[in-house]
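What follows is a set of notes on a single structure, which appears directly below.
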Amino acid sequence: MTRESPFGASRLPVAVLGATGAVGQAFVRLLAGHPWFELIEVGASERSAGKSYAEATRWLGDSPIPAAIAGLTVQLCSPASIRAPVVFSALDAATAADAEPSFAKSDRIVLTNARNYRMEPDVPLVIAEVNPDHLDVIAAQRKRRGWSGAIVANGNCAAIVGAMALAPIQQRFGIRRVFAVTMQAVSGAGYPGVASLDILGNVIPYIKDEEPKIEEEFCKFLGLRESDHIQSAPMVVSAHTNRVAVEHGHTVCMSIELNRKGDASEVEAHLANWRGAPEATRLPSSPERPLVLTKEPDRPQPRRDVDAGAGMTVTVGRVRRDPILDIRLVALGHNVIRGAAGASVLNAELMASTGRIAKP
Ligand code: NAP
């Protein structure tokens, strides 16, 4: 059963910045009819501001734009135009650079998907089930930056999927080294993204700036919270990233060297039993299981597994001995839901249920 709303019978007003883009639209779908949050404002660029959301958006969903949102007037992404105390940001990095701190300075909680602040030691980079205690560095962030609000970051979409499979292994065995190869869906590049003539029937072995994000963010997700910063885990990660002709779902193949030796069946059993941090359970967006283990020899596959847990469950399979490191496996997750909008909404629910977001 889902936890009771910390806001009682009313809902907390929230806004989405970059609401017309691929991730922004996922936010709109997830927040329409949310039991704790009420989406009252949508923001985008000057090109869209002043139009209705329906007019400004090339809607990508299978179902129509939620009626309560279609008629909202798109606002500019500034704290003067957007009043909600909590803003979900699906802005690109160039726009987020100025916009997000201006909201944090103006007493707002910003849950961002942009890369700008992810690796700042006083900014929590959070997967609700993996490292909820990292949210405690918000106090140091406020003190250091003089903000009354805060920025809480989501990881890169492939980094979130891979880190969810690594977290139980790090907790039980410790991890020394990871070799990761990704196969990333076209929706990860936003809309319109990669030209169809470049990707159809093809694999592009390059995604700009992606490999360092995975290499650094794995270590931060699995790192330790010190009093005023996050100390990244001392693991070495090597990543190869590829764009493939898949609509949704990032696949991450990993070989892992363990600190404390364990064989594939021990690792597999631990993955199968892992439920994540208790405080991240029974929230409105919590999947029944954050991680699901498949024993099918040819799974996980994007077409069959991407919607597990309404897009919030990461599916792990092919756990086996690795002849160079110790263990290898395959993880798959929905890049737009678990890798972006769904993860941010879950982080906001976690913050609300633990008293870090209160009604103004
Ligand atoms: P997108 O489809 O290109 O959407 C970008 C959004 O930003 C649009 O709403 C656009 O509004 C708005 N925007 C652009 N310039 C602006 C400006 N100057 N002022 C205000 N708004 C502006 O991108 P996306 O794929 O949704 O990605 C959004 C963010 O999430 C990026 O930082 C990306 O790296 C990150 N991310 C994406 C994924 C994924 O799977 N796609 C996963 C994780 C993280 P207009 O319509 O008015 O131009």
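Can you sort MET235, MET1 by how many other beta carbons sit within 10 Å, fewest first?
MET1, MET235
Between the DSSP loop rule and a limit of at most 15 other Cβ atoms within 10 Å, which GluC sites (Glu not before Pro) in segment 162-257 are left?
Listed in order of number, the matching sites are GLU226, GLU247.
Rounded to the nearest 5, what % of DSSP beta bridges with both residues in segment 1-84 are antiparallel?
Counting DSSP beta bridges with both partners in segment 1-84, the antiparallel share is about 10 percent.
Starting from the Cα of ALA277, step 7 Å along the direction of its Cβ; do the same at LYS295; then give the gap between the two resulting points in nm.
Each label point is offset 7 Å from its Cα along the Cβ direction, giving 3.2 nm.
Between ARG304, ARG145, ARG176, find the one with the highest GNM mean-square fluctuation for the chain; connect C-alpha pairs within less than 10 Å.
Per the Cα network of the chain with a 10 Å cutoff, ARG304 tops the list.
Which distance in nm do the two modelled labels at ALA9 and SER148 give, with both placed 7 Å along the Cα-to-Cβ direction?
Taking the simple label geometry, ALA9 and SER148 are separated by 3.0 nm.
Can you pull out the trypsin sites (Lys or Arg not before Pro) in segment 241-296 whose DSSP state is coil and whose Cβ has at most 11 other Cβ atoms within 10 Å?
When the trypsin sites (Lys or Arg not before Pro) of segment 241-296 are filtered for loop state and at most 11 Cβ neighbours within 10 Å, ARG260, LYS261, LYS295 remain.
Quick check: residue separation of GLU266 and ARG303 times 0.36 nm, minus the Cα distance between them. What number comes out in nm?
Contour length minus Cα-Cα distance gives 10.5 nm.
What are the ³J(HN,Hα) couplings of segment 247-253, residue after residue, when phi is run through the Karplus curve with 6.51, -1.76, 1.60 and θ = phi - 60°? Round to Hz, x for glycine and proline.
Per-residue couplings from phi come out as 6, 10, x, 9, 9, 10, 9 Hz.
Taking only the C-alpha atoms, wrap a convex hull around segment 238-307 and report its volume per residue in Å³ as a whole number.
In segment 238-307, the Cα convex hull volume per residue is 151 Å³.
For each pair in LYS220/LYS261; LYS208/LYS261; LYS208/LYS295; LYS261/LYS295, compute the distance between the two Cα atoms and list the pairs where it is over 26 Å.
Long pairs (Cα-Cα over 26 Å): LYS208/LYS261; LYS208/LYS295.
Rg and Dmax of segment 207-360, using alpha carbons, in Å: what are they?
For segment 207-360, the Cα-based Rg and Dmax read 16.6, 56 Å.
With springs only between Cα atoms under 10 Å, which of SER102, SER89, SER344 fluctuates most in a Gaussian network model of the chain?
The residue that fluctuates most here is SER102.
How compact and how long is the chain, expressed as Rg and Dmax of its alpha-carbon atoms in Å?
Taking only Cα atoms of the chain, I get Rg and Dmax of 19.5, 59 Å.
Under the 0.36 nm per residue contour assumption, what length would be gained going from the current alpha-carbon distance of ALA80 and ALA49 to full extension?
Roughly 9.8 nm would be gained on extension.
Would you mind computing, in nm to one decimal, how far apart the modelled labels at VAL181 and ASP322 are, each placed 7 Å from Cα along Cα→Cβ?
Computed distance between label sites VAL181 and ASP322 equals 1.2 nm.
Connecting C-alpha atoms closer than 10 Å in a GNM of the chain, tell me which of GLN171, GLN75, GLN184 has the biggest fluctuation.
Among GLN171, GLN75, GLN184, the largest mean-square fluctuation in the Gaussian network model of the chain belongs to GLN171.
Please compute the contact order of the chain in relative form: average sequence separation of alpha-carbon pairs under 8 Å and at least six residues apart, divided by the residue count, as a percent.
Reported as a whole number, the value is 18 percent.
Let me have the 222 nm mean residue ellipticity of the chain computed from DSSP H runs of 4+ only, each contributing -39500 (n - 2.57), with the sum over all residues rounded to the nearest 500.
Calculated at 222 nm, the ellipticity per residue is -7500 deg cm²/dmol.
Pull out the extension gain between ARG58 and ASN242, defined as 0.36 nm times the separation in residues minus the alpha carbon to alpha carbon distance; nm, one decimal. Don't skip to the end; give the middle numbers.
Details: separation 184, 0.36 × 184 = 66.24 nm, distance 2.66 nm.
Working it through step by step, the gained length comes to 63.6 nm.
How much of the DSSP beta bridge set in the chain is antiparallel, as a percent to the nearest 5?
Approximately 45 percent, going by the DSSP bridge assignments.
FYI, it's all coordinate maths here, none of it is from the lab. Given the structure is predicted, the values throughout are model-derived calculations rather than measurements. Neighbour counts run over all protein chains shown; Cβ positions are idealised from the backbone, glycine included.
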